[in-house]
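Quick notes on the structure that follows.
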Amino acid sequence: MEVSRYLCSYLISFLLFLFHSETACHPLGKRPCRMQAFRIWDVNQKTFYLRNNQLVAGYLQGPNTKLEEKIDVVPVEPHFVFLGIHGGKLCLSCVKSGDEMKLQLDAVNITDLRKNSEQDKRFTFIRSDSGPTTSFESAACPGWFLCTALEADQPVGLTNTPKAAVKVTKFYFQQDQ
Amino acid sequence: MPLRLRGLGPEVSPSCVLLKFWGAMAIWSMLTVGVSAFVIQPEEHTVAAGNCHFRGKHPQTRLKVEGEPVAMRCPQVPYWDSASAGVNVTWRRNDSTTIPGEEKTRVWVQDGALWIVPALQGDSGTYICTVRNASYCDEMSVELGVFEKTEASLSLMSYPQIIPMSTSGLLVCPDLSEFIHNKTDVKIQWYKESVPLDQGGEKFLSVRGTRLLVNNVSVEDAGYYTCAMTFAHGGRSYNITRNIKLRIKKKEEETIPVIISPRQTISASLGSRLTIPCKVFLGAGIPTTTVLWWMANNTHIDDAYQGGRVTEGQRQEYSENNENYIEVPLIFERVIREDLHTDFKCVVINTMSFQTLRTTVKEAASFSWGIALAPLALIILVLGGIWIHRRCKRRTGKTYGLIELKTGHQDS
């Protein structure tokens with residue numbers, strides 16, 4: 001009796017060991033392991049939210065703080081990252097429009113983006129840290145940085161004059177805990 | 001639920017504190033319901049309203065204190081366009097009351113913005129802004145909530161702001177642009193928990209109007225701040241206040257990760273199950289900012305093995321002797337010949353470093369182990385069989401089967 005009970009529990013724990021570790025990291029076959037959520041706010045304390053499907057930065061009070069968009073990050077190389085929102089379902093990209101570069105939100109899955117793909121280059125940003133703040137330069141549009149306007153509730157965009165006083169390119173960027 | 005309780009409040013308990021609490025809860029629940037209701041609404045909601053394109057509700061509800069001036073910009077007009085020629089901006093309440101375009105009343109429209117000086121609780125509600133020119137027309141609605149000035153309502157209306165620990169950062173007095181527009185000298189007084197701050201000192205410094213520089217922040221700097229300015233209208237002076245809840249965030253410490261395992265080659269026999277852990281040493285660094293994954297011939301494991309024969313296991317974070325480690329195993333359901341020619345790589349990235357470690361699978365001299373283990377297994381089987389036969393004669397068949405299973409596993 002005891003022997004069979006012992007063997008039975010051994011078999012169960014062995015089977016649990018076999019199948020436990022494989023399911024936990026791959027719910028629905030996704031790769032959440034490489035994606036991390038970060039909180040982003042500019043040095044003027046503006047946070048990101050969506051207004052008519054456009055990413056804007058502003059001051060969210062009280063119950064509006066629910067609207068805050070966190071940034072989903074998939075690192076590609078050191079300092080090279082893909083940036084997305086909404087669980088990585090909408091990705092930030094740089095698109096050329098005339099002489100200007102435009103920030104666009106594309107409905108692609110951040111974990112489907114590939115590092116060496118020429119097509120996916122527009123989604124790549126170069127992250128540089130200086131002291132407590134971080135800046136993001138588009139890899140496809142060199143010299144263009146992610147920015148917010150000084151005024152509240154204006155679209156998040158790209159600027160090629162990061163030193164100019166009318167745009168904010170320095171962000172606090174911290175892992176969401 | 002809180003609404004019902006609020007109604008019961010005076011009968012059950014006449015305590016003033018309790019009443020205030022339930023009141024705050026009711027405000028909170030109303031607002032939460034309000035916010036979630038329009039979050040669920042589709043953003044691209046378009047309704048033809050007298051040939052005008054309705055662009056939906058602005059996602060933010062504006063929350064203001066009773067007695068203070070309110071100015072709301074039309075959300076679909078960029079601020080620099082609001083006074084531009086050829087665009088006609090009008091406002092109305094959703095009960096169709098059109099707001100006059102002159103300054104003689106308490107509520108008026110000026111340069112495309114809606115002004116209410118001073119705001120009353122009855123002004124709470126939905127306002128619709130219409131922008132029209134010769135070729136187009138669009139509308140957007142904005143929700144306004146005006147509340148009595150109580151401690152509960154102030155904390156509810158507060159703006160959260162964060163400065164990382166041990167750095168110098170800015171506090172910003174928000175939503176003042178309409179009031180300070182065209183003004184060069186804006187005087188803003190800052191308070192922390194109602195105590196006026198010395199804004200020219202070493203700790204706090206007033207910067208360009210609406211901002212306050214806080215030097216070398218520490219945990220003690222967290223808390224509620226108020227910024228206030230005065231606004232003159234119609235021969236009267238009004239206070240405009242904003243409440244800010246400052247949080248101090250501990251800076252995450254990062255270290256350069258070191259991959260300490262796997263070895264360069266791993267021995268495994270064909271057909272067997274194999275787990276290769278990739279173990280990363282972080283020392284005092286926090287694990288959350290470090291990302292770790294496996295690749296096979298420079299392809300992600302999920303893409304390379306869509307059938308799932310080889311998978312990445314669960315990430316584990318743990319500490320040994322106050323030093324942090326992360327581990328992600330690579331799991332082979334069964335090793336096949338192809339794996340011997342595959343370049344497996346563990347990749348680790350954080351903001352300070354990027355590292356990889358290659359490993360290859362080598363075929364183990366598995367047959368010799370098999371030969372060595374086979375007689376041993378046979379002996380265990382026979383001895384076990386005899387022992388069980390002796391101990392419980394009636395159940396021999398069943399127990400023997402299980403013994404066989406166990407040794408069968410040892411064999412492989």
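A few remarks follow.
- Residue, modelled with the lowest pLDDT, within the stretch A:31-60, restricted to residues that are more than 18 Å from residue B:212 (Cβ to Cβ) and part of a loop (DSSP other than H, G, I, E, B): A:31
- A count restricted to the stretch B:82-124 and to residues that are out of contact with any strand residue (DSSP E or B) (no Cβ under 6 Å at 6 or more places or on another chain) and at positive phi stands at 3.
- When residue B:94 is tested against (1) assigned by TED's automatic domain parsing to the domain that holds residue B:237; (2) open to solvent by 70 Å² or more (accessible area, probe 1.4 Å), exactly one condition is not met: (1).
- If the condition is being part of a strand (DSSP E or B) and under 17 Å from residue A:73 (Cα atoms), then the stretch A:129-146 contributes A:129, A:133, A:134, A:135, A:136, A:137, A:138, A:145, A:146.
- Applying a threshold of 6 Å to beta carbon distances and a minimum spacing of six or more residues, or different chains, the list of pairs starting in the stretch A:130-149 at a residue that is modelled with pLDDT of 95 or more and ending at one that is of a type in the set (A, V, I, L, M, F, W, C) and not in a strand (DSSP E or B) reads A:138/A:144; A:148/A:156.
- Hits in the stretch A:140-177 (condition: away from chain B (no Cβ under 11 Å), buried (at least 19 other Cβ atoms within 10 Å of the Cβ) and small (Gly, Ala, Ser)): A:157
- Exactly one residue out of A:99, A:106, A:120 is closer than 18 Å to residue A:35 by Cα and surrounded by fewer than 16 Cβ atoms within 10 Å (Cβ to Cβ), and it is A:106.
- Of B:391, B:395, all but one fail to be over 30 Å from residue B:283 (Cα atoms), at pLDDT below 60 and either open to solvent by less than 50 Å² (accessible area, probe 1.4 Å) or within 14 Å of chain A (Cβ to nearest Cβ) (or both); the exception is B:395.
- Filter result for residue B:274 (surrounded by 13 or more Cβ atoms within 10 Å (Cβ to Cβ), farther than 19 Å from residue B:345 by Cα and touching a residue at least 60 places away in the same chain (Cβ under 8 Å)): no
- Complete set of residues in the stretch A:34-47 that are under 17 Å from residue A:89 (Cβ atoms) and either open to solvent by 30 Å² or more (accessible area, probe 1.4 Å) or without any contact (Cβ under 8 Å) to a residue 40 or more places away in the chain (or both): A:35, A:37
Residue-wise test of (1) at pLDDT 95 or above; (2) under 13 Å from residue B:65 (Cβ atoms); (3) exposed (fewer than 15 other Cβ atoms within 10 Å of the Cβ).
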| position | (1), (2), (3) |
| --- | --- |
| B:153 | no, yes, no |
| B:161 | yes, no, no |
| B:164 | no, no, no |
| B:172 | yes, no, no |
| B:176 | no, no, no |
| B:180 | no, no, no |
| B:184 | no, no, yes |
| B:188 | no, no, no |
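- Every condition in (1) farther than 24 Å from residue A:112 by Cα; (2) more than 11 Å from chain A (Cβ to nearest Cβ); (3) of a type outside the set (Gly, Ala, Ser) is met by residue B:305 except one, and the failing one is (1).
- In the stretch B:93-115, the residues that are closer than 14 Å to residue B:73 by Cα reach residues that are buried (at least 18 other Cβ atoms within 10 Å of the Cβ) and basic (Lys, Arg) with C-beta atoms within less than 6 angstrom, at least six apart or across chains, in these pairs: B:113/B:73.
- Residue under evaluation residue B:282, criteria (1) over 30 Å from the mean Cα position of the chain (by Cα); (2) open to solvent by less than 30 Å² (accessible area, probe 1.4 Å); (3) more than 11 Å from chain A (Cβ to nearest Cβ), criterion not met: (1)
The values are calculated or read from the model by the stated rules, or taken from the named source; none is laboratory data. In this text the structure is predicted, and so the values were computed from the model without any measurement. Cβ atoms come from the backbone with ideal geometry, glycine included; neighbour counts cover every protein chain shown. These area figures cover heavy atoms from the full protein model, side chains too; ligands, DNA and RNA do not enter into them. Shrake-Rupley method; radii C 1.70, N 1.55, O 1.52, S 1.80 Å.
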